[in-house]
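Trainee: Let me give you the structure first, and then I'll get to my questions.
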Amino acid sequence: MEEKTSELYMLIFSLKESRQEIIKKSLEENKDKIISNSGLKHLNIYESLRGDADIIGWVSADDPSNILSFLKELKTIIDGKGEIVHSFHSIYQRSPYLKNSLKIEDQIQNSRKKYIIAYPMSKSNDWYLLPYEERKRIMDEHIRTAMTDPNNKDILSYTTYSFGIGDQEFVVIYETDSLYSWMKVTEKLREVEARKWIIKETPILTGIRI
């Protein structure tokens, strides 16, 4: 019998601080308390490499009400000190194109990678009109190209889904210890057939773990 995968709800967000590092310090100092109070599975905080944001956050929970509790607490923390710039909701499920993908909870909890790259993504309507076997063939090439690239030595990937709950269809999240390696793998993936159906993958949030 196929194992039933429970949902894991995700939120990727970025913040702009109006007072230097006050929000960052508050999130750092109260991280464990915030996780406990909101019922989160995890909370990772990053310094943003974008000019329009100072902080990137990544949280997960078993229920969307926990994400809402976190957002309420976050808004209290940032009140008068900054603003939310980006906010992307999604739900994790195992990829239909991978047979033995690792449980995301284990991967997140064990990871200590330095960088995060996250962005919303959508595909054209024509993609979903292709037969499943054709889509699988195309995605197999994409996955094989990424997995066999010599620069892909440490990159962890998480494809999460936003159909009907956000302005995008997916939120794609990566962790790595080398932005150069990530850039080279991404460059190689521009050559695969699956690129023809991608219509959105911005804004890209890149940050350094605190």
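Trainee: Looking only at the range 103-127, count every residue that is free of Cβ contacts under 8 Å to residues at least 24 places away in the same chain and surrounded by 11 or more Cβ atoms within 10 Å (Cβ to Cβ) and tell me the total.
Mentor: Summing the residues that are free of Cβ contacts under 8 Å to residues at least 24 places away in the same chain and surrounded by 11 or more Cβ atoms within 10 Å (Cβ to Cβ) in the range 103-127 gives 1.
Trainee: Any idea which of D62, D52 is exposed (fewer than 14 other Cβ atoms within 10 Å of the Cβ) and touching a strand residue (DSSP E or B) at 6+ places or on another chain (Cβ under 9 Å)? Outline the logic, then answer.
Mentor: Values: D62 fails: exposed (fewer than 14 other Cβ atoms within 10 Å of the Cβ).
Step by step, each of D62, D52 is checked, and only D52 is exposed (fewer than 14 other Cβ atoms within 10 Å of the Cβ) and touching a strand residue (DSSP E or B) at 6+ places or on another chain (Cβ under 9 Å).
Trainee: Pick out the one residue from E134, E141, E191 that is touching an Asp or Glu at 6+ places or on another chain (Cβ under 7 Å) and more than 29 Å from N44 (Cα to Cα). Can you show your working first?
Mentor: On the way: E134 fails: touching an Asp or Glu at 6+ places or on another chain (Cβ under 7 Å); E191 fails: touching an Asp or Glu at 6+ places or on another chain (Cβ under 7 Å).
Criteria check complete, one pass: E141.
Trainee: What strands (runs of 3 or more DSSP E), lying completely within the range 150-203, carry at least 1 residues that are of a type in the set (K, R) and over 12 Å from the mean Cα position of the chain (by Cα)?
Mentor: Details: elements: 156-161, 170-176, 198-200.
Fully inside the range 150-203 and qualifying: 198-200.
Residues checked against (1) touching a residue at least 60 places away in the same chain (Cβ under 8 Å); (2) closer than 14 Å to R209 by Cβ; (3) under 20 Å from the mean Cα position of the chain (by Cα):
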residue: K31; (1), (2), (3): no, yes, yes
residue: S36; (1), (2), (3): no, no, no
residue: K41; (1), (2), (3): yes, no, yes
residue: L49; (1), (2), (3): yes, yes, yes
residue: W58; (1), (2), (3): yes, yes, yes
residue: D62; (1), (2), (3): no, no, yes
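Trainee: Could you list, in sequence order, all residues of the range 111-149 that are touching a helix residue (DSSP H, G or I) at 6+ places or on another chain (Cβ under 7 Å) and in a strand (DSSP E or B)?
Mentor: Passing the criteria: Y115, I117, K123.
Trainee: Would you mind stating whether R144 is modelled with pLDDT of 95 or more and more than 18 Å from K188 (Cβ to Cβ)? Don't jump to the end; show me each part of the working.
Mentor: Values: modelled with pLDDT of 95 or more: yes; more than 18 Å from K188 (Cβ to Cβ): no.
Considered against the rule, which asks whether it is modelled with pLDDT of 95 or more and more than 18 Å from K188 (Cβ to Cβ), R144 comes out as no.
Trainee: So if I check each of I84, I67, which one is under 21 Å from I117 (Cα atoms) and not in a strand (DSSP E or B)? Before you say what the answer is, go through the steps one by one.
Mentor: Working: I84 fails: not in a strand (DSSP E or B).
It is I67.
Trainee: OK, next. From the set of residues in the range 93-110 that are within 24 Å of S181 (Cβ to Cβ), in contact with a strand residue (DSSP E or B) (Cβ under 8 Å, 6 or more places away or on another chain) and not in a loop (DSSP other than H, G, I, E, B), which is modelled with the lowest pLDDT?
Mentor: So the residue we want is Q109.
Trainee: Out of the range 110-138, which residues are under 24 Å from G166 (Cα atoms) and under 19 Å from the mean Cα position of the chain (by Cα)?
Mentor: Selection gives I116, I117, A118, Y119, P120, M121, S122, K123.
Trainee: With the condition kept exactly as written, say whether any residue in the range 40-52 is over 16 Å from E175 (Cα atoms) and of a type in the set (S, T, N, Q).
Mentor: Quick first cut of the range 40-52, residues over 16 Å from E175 (Cα atoms) only: 40-41, 50-52.
Filter once more, keeping what is of a type in the set (S, T, N, Q): none.
Among the residues of the range 40-52, not one is over 16 Å from E175 (Cα atoms) and of a type in the set (S, T, N, Q), which makes the answer no.
Trainee: For the range 144-162, what are the residues that are in contact with a Leu (Cβ under 7 Å, 6 or more places away or on another chain) and β-branched (V, I, T)?
Mentor: Passing the criteria: only T145.
Trainee: Which count do you get for residues in the range 157-188 that are of a type outside the set (S, T, Y) and either surrounded by fewer than 17 Cβ atoms within 10 Å (Cβ to Cβ) or assigned by TED's automatic domain parsing to the domain that holds I12 (or both)? Spell out how you get there, then give the answer.
Mentor: Kept after step one, since they are of a type outside the set (S, T, Y), are these residues of the range 157-188: 163-173, 175, 177, 179, 182-185, 187-188.
In the following step, the residues that additionally are either surrounded by fewer than 17 Cβ atoms within 10 Å (Cβ to Cβ) or assigned by TED's automatic domain parsing to the domain that holds I12 (or both) were identified as 163-165, 167, 177, 179, 183-184, 187-188.
Of the residues in the range 157-188, 10 are of a type outside the set (S, T, Y) and either surrounded by fewer than 17 Cβ atoms within 10 Å (Cβ to Cβ) or assigned by TED's automatic domain parsing to the domain that holds I12 (or both).
Trainee: Let me ask something additional. May I ask you to say which residue of K31, K41 is in the same structural domain as K75 (by TED's automatic domain parsing) and in contact with a helix residue (DSSP H, G or I) (Cβ under 8 Å, 6 or more places away or on another chain)?
Mentor: Values: K31 fails: in contact with a helix residue (DSSP H, G or I) (Cβ under 8 Å, 6 or more places away or on another chain).
Going through K31, K41 in turn, the sole match is K41.
The values are calculated or read from the model by the stated rules, or taken from the named source; none is laboratory data. Note that the structure is a prediction, hence the values are computed from the model and not measured. Backbone-built Cβ (ideal geometry, glycine too); neighbour counts: all protein chains shown.
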